[in-house]
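The values are calculated or read from the model by the stated rules, or taken from the named source; none is laboratory data. This structure is a prediction, so every number in the text was calculated from the model and none was measured. In this analysis, Cβ positions are derived from the backbone assuming ideal geometry, glycine residues included, and neighbour counts consider all displayed protein chains. Only protein heavy atoms, including side chains, enter the accessible area calculation; ligands, DNA and RNA are left aside. Shrake-Rupley method; radii C 1.70, N 1.55, O 1.52, S 1.80 Å.
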Amino acid sequence: MGTDKELEIVRHTTMNYLEIFLVEMTARAPHGHDDLEIGVLLEGSLRLYLEQEQYEMEKGDIYLINRHQVHSFLNDKEKNLILAFQIPTDFYRRLNYRLTYLRFESNVIHSGHLHARLSERLQECAEIYFGEREFRELECASIMLHILHLLLENGPYTIAGEREYRVAKNSSLRINRITEYIAEHHQEQISLEEIAQMEGITTCHASHFIRKTLGITFQEYLNDIRFDHALRLLSQTDLSLLDICMESGFSSSRYLNQMFAKNFGCNAREYRASLEGRKPGHTKEQALPVSNIQKRHSFETSAFLFRAVNLPALQSRPKTKEV
């Protein structure tokens, strides 16, 4: 299920220190959160945007998202499936308070010895998490601590200072507020001055912050959100171009056609005609994701899908006696 405005609230309902779930990802707008996130791409492909860097991910790749690290996802190819782990900081900082400010420097792991070890342990943790064994919380805790130790032992990392951490946290919370506000009010004539006033900063500061965090300007991000909304209306409804402009926030069809020319090399009417098979289709030039289109599965569905995807591997795994 996809929504334009999505507040990410991580609920650790099955275990207090860990949540594992499966999600099909089409697009996720820039955001940050307090938990450490580890993901395994079980099927398909995915593009990860991370602090103005882009990472192309394929089946089997592992990604790491640090606390309050602004990131977004986009999938413009076949259907995918992500096995996601979200770990609250309290789980590990009580063992070593310095880990409060832990930051991993390698965010995508494609192959190698570390990848093999992490894949094995993450799959094992998920198998136990979705199972019914008694005291599985202890097993999962043990495995997750080993995973964190593997990352610390084999990958580059830094322990930031408290001030640096506060800056990252405040930036993450600020970009969440800004992108949510733009998504909610894009149909209105909002301005950078409004954003600055909302955040209690100068217009110049707001402009610099958005450009530094997202890699594009406020107006470019606003136009991309409006265009994303207009594109869906054009593709899925019979609304006139004038009505689509009004619904998406463009002041005239001229600006809408400028966005179509930029993204597809044609105007809005030509694009709609291509959907009806009267002309060859057009391909959109990919930009920063601005919408939230994902299907996050429930615990029960995640457990079923995980077993279905991993059944061959699980069947071939040597059985061990339980003590």
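Being charged (D, E, K, R), in a helix (DSSP H, G or I), within 12 Å of residue 18 (Cβ to Cβ) and open to solvent by 70 Å² or more (accessible area, probe 1.4 Å): is that true of residue 120 here? The answer is no for residue 120.
Would you confirm, using the coordinates I've provided, whether residue 214 is buried (at least 16 other Cβ atoms within 10 Å of the Cβ), under 30 Å from residue 266 (Cβ atoms) and more than 25 Å from the chain's Cα centre (by Cα)? Quick ask: steps written out before the conclusion?
Details: buried (at least 16 other Cβ atoms within 10 Å of the Cβ): yes; under 30 Å from residue 266 (Cβ atoms): yes; more than 25 Å from the chain's Cα centre (by Cα): no.
So residue 214 does not fit the description; no.
Just wondering, is there one or more residues in region 2-24 that are open to solvent by 20 Å² or more (accessible area, probe 1.4 Å), modelled with pLDDT under 95, under 15 Å from residue 148 (Cβ atoms) and among the aliphatic types (A, V, I, L, M)?
Kept after step one, since they are open to solvent by 20 Å² or more (accessible area, probe 1.4 Å), are these residues of region 2-24: 2-14, 16-17, 19, 24.
Right, trim to modelled with pLDDT under 95 and you get 2-14, 16-17.
Pick out the ones that are also under 15 Å from residue 148 (Cβ atoms) and you get 17.
Now restrict to residues that are among the aliphatic types (A, V, I, L, M): none.
Within region 2-24 (the criterion being open to solvent by 20 Å² or more (accessible area, probe 1.4 Å), modelled with pLDDT under 95, under 15 Å from residue 148 (Cβ atoms) and among the aliphatic types (A, V, I, L, M)), the answer is no, since none of the residues qualifies.
Just one of (1) out of contact with any helix residue (DSSP H, G or I) (no Cβ under 9 Å at 6 or more places or on another chain); (2) within 30 Å of residue 103 (Cβ to Cβ) fails for residue 265. It is (2). Could you identify the single residue in 66, 75 that is open to solvent by less than 10 Å² (accessible area, probe 1.4 Å), touching a strand residue (DSSP E or B) at 6+ places or on another chain (Cβ under 9 Å) and in contact (Cβ under 8 Å) with a residue 12 or more places away in the chain? Of 66, 75, the one residue that is open to solvent by less than 10 Å² (accessible area, probe 1.4 Å), touching a strand residue (DSSP E or B) at 6+ places or on another chain (Cβ under 9 Å) and in contact (Cβ under 8 Å) with a residue 12 or more places away in the chain is 66. In the set (1) touching a Ser or Thr at 6+ places or on another chain (Cβ under 6 Å); (2) more than 30 Å from residue 287 (Cα to Cα); (3) basic (Lys, Arg), the condition left unmet by residue 121 is number (1). The selection criterion, being surrounded by fewer than 21 Cβ atoms within 10 Å (Cβ to Cβ), within 15 Å of residue 39 (Cα to Cα), among the polar types (S, T, N, Q) and touching a Pro at 6+ places or on another chain (Cβ under 7 Å), does not hold for residue 111.
Of all the numbered requirements in (1) open to solvent by less than 20 Å² (accessible area, probe 1.4 Å); (2) within 18 Å of residue 31 (Cα to Cα); (3) not in a loop (DSSP other than H, G, I, E, B), residue 100 misses one, and that requirement is (2).
Based on what the data block shows, is residue 106 within 16 Å of residue 152 (Cα to Cα), of a type in the set (Gly, Ala, Ser), under 23 Å from the mean Cα position of the chain (by Cα) and open to solvent by 30 Å² or more (accessible area, probe 1.4 Å)? Judged against the criteria, residue 106 is a match.
Are any residues in region 240-265 on the phi < 0 side of the Ramachandran plot and in a loop (DSSP other than H, G, I, E, B), and if so, which ones? Quick ask: steps written out before the conclusion?
First pass over region 240-265, keeping only residues on the phi < 0 side of the Ramachandran plot: 240-248, 250-264.
Hits for region 240-265 are 240, 250, 251, 252.
Assess whether residue 55 counts as being hydroxyl-bearing (Ser, Thr, Tyr), open to solvent by 40 Å² or more (accessible area, probe 1.4 Å) and not in a loop (DSSP other than H, G, I, E, B). So residue 55 passes the test.
Take the residues in region 149-183 that are touching a residue at least 60 places away in the same chain (Cβ under 8 Å) and either over 21 Å from residue 216 (Cβ atoms) or exposed (fewer than 13 other Cβ atoms within 10 Å of the Cβ) (or both); name whichever of them is nearest to the chain's Cα centre (by Cα). Filtering region 149-183 for residues that are touching a residue at least 60 places away in the same chain (Cβ under 8 Å) and either over 21 Å from residue 216 (Cβ atoms) or exposed (fewer than 13 other Cβ atoms within 10 Å of the Cβ) (or both), the one nearest to the chain's Cα centre (by Cα) comes out as 169.
Assessment of region 83-95 against the conditions (modelled with pLDDT of 95 or more, outside any helix (DSSP H, G or I), of a type in the set (Gly, Ala, Ser) and at negative phi) yields at least one matching residue.
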